[in-house]
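Worksheet for the structure shown next.
The values are calculated or read from the model by the stated rules, or taken from the named source; none is laboratory data. Computed from a prediction, not measured in an experiment: that's the story for all the values here. Counting neighbours? That spans all protein chains shown, and the Cβs are built from the backbone with ideal geometry, glycine included. Heads up: the accessible areas ignore ligands, DNA and RNA and are worked out on the full protein's heavy atoms, side chains in. Shrake-Rupley method; radii C 1.70, N 1.55, O 1.52, S 1.80 Å.
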Amino acid sequence: QLQLVESGGGLGQPGGSLRLSCVASGSTANIATMGWYLQAPGKQRELVATITRGGSTYYKGSVKGRFTVARDNAKNTVYLQLTSLKPEDTGVYYCNCITPFTIYWGQGTQVTVSS
């Protein structure tokens, strides 16, 4: 089993920055891809960024160039650096881990972008 705990959310200013962290614990040996999803108010959960164990990344178009996903395999941690924040970045950010057996989800961390 895996447990995922997100942190780092909060209030960000338009144009500002936040860094989200997600720590995986438990049976972490088989983690392949880790990622971040956003559930904006009134919308379904949407993929934001993913990163493989080898460091290959993917971003949805609206965040490309503004957000950066990274991971520290030794710490079983994935990060999402949010820069140039916009109000539409607001919502609950969930991290996930993909293994050959299961997809695991964290509880989410709230990000609010407002002046």
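When the residues of the range 48-60 are filtered to those that are closer than 21 Å to Ala29 by Cβ and hydroxyl-bearing (Ser, Thr, Tyr), the one that is least open to solvent (accessible area, probe 1.4 Å) is Thr50. Pull out all pairs, ordered by first then second residue, where Cβ-Cβ is under 8 Å, the residues are six or more apart or on different chains, the first lies in the range 11-27 and is on the phi > 0 side of the Ramachandran plot and open to solvent by 20 Å² or more (accessible area, probe 1.4 Å), and the second is assigned to a strand (DSSP E or B) and at pLDDT below 95. Here the result reads Gly26/Leu2, each pair linking the range 11-27 to a residue that is assigned to a strand (DSSP E or B) and at pLDDT below 95. The residue that is modelled with the highest pLDDT, among those in the range 32-57 that are among the small types (Gly, Ala, Ser) and out of contact with any strand residue (DSSP E or B) (no Cβ under 9 Å at 6 or more places or on another chain), is Gly42.
Take the conditions over 17 Å from Ser7 (Cβ atoms), open to solvent by 40 Å² or more (accessible area, probe 1.4 Å), of a type outside the set (Gly, Ala, Ser) and without any contact (Cβ under 8 Å) to a residue 24 or more places away in the chain and apply them to Thr102. Does it pass? Against the criterion (over 17 Å from Ser7 (Cβ atoms), open to solvent by 40 Å² or more (accessible area, probe 1.4 Å), of a type outside the set (Gly, Ala, Ser) and without any contact (Cβ under 8 Å) to a residue 24 or more places away in the chain), Thr102 does not qualify. Any residue in the range 38-45 that is surrounded by 14 or more Cβ atoms within 10 Å (Cβ to Cβ) and touching a Cys at 6+ places or on another chain (Cβ under 8 Å)? No, the range 38-45 contains no residue that is surrounded by 14 or more Cβ atoms within 10 Å (Cβ to Cβ) and touching a Cys at 6+ places or on another chain (Cβ under 8 Å). Each residue in the range 1-32 was checked for being under 12 Å from the mean Cα position of the chain (by Cα) and of a type outside the set (Gly, Ala, Ser), and 8 of them qualify.
Scanning the range 61-99 for residues that are at negative phi, in contact (Cβ under 8 Å) with a residue 12 or more places away in the chain, open to solvent by 40 Å² or more (accessible area, probe 1.4 Å) and more than 14 Å from the chain's Cα centre (by Cα) returns Ser62, Asn73, Lys75, Lys86, Pro87, Glu88.
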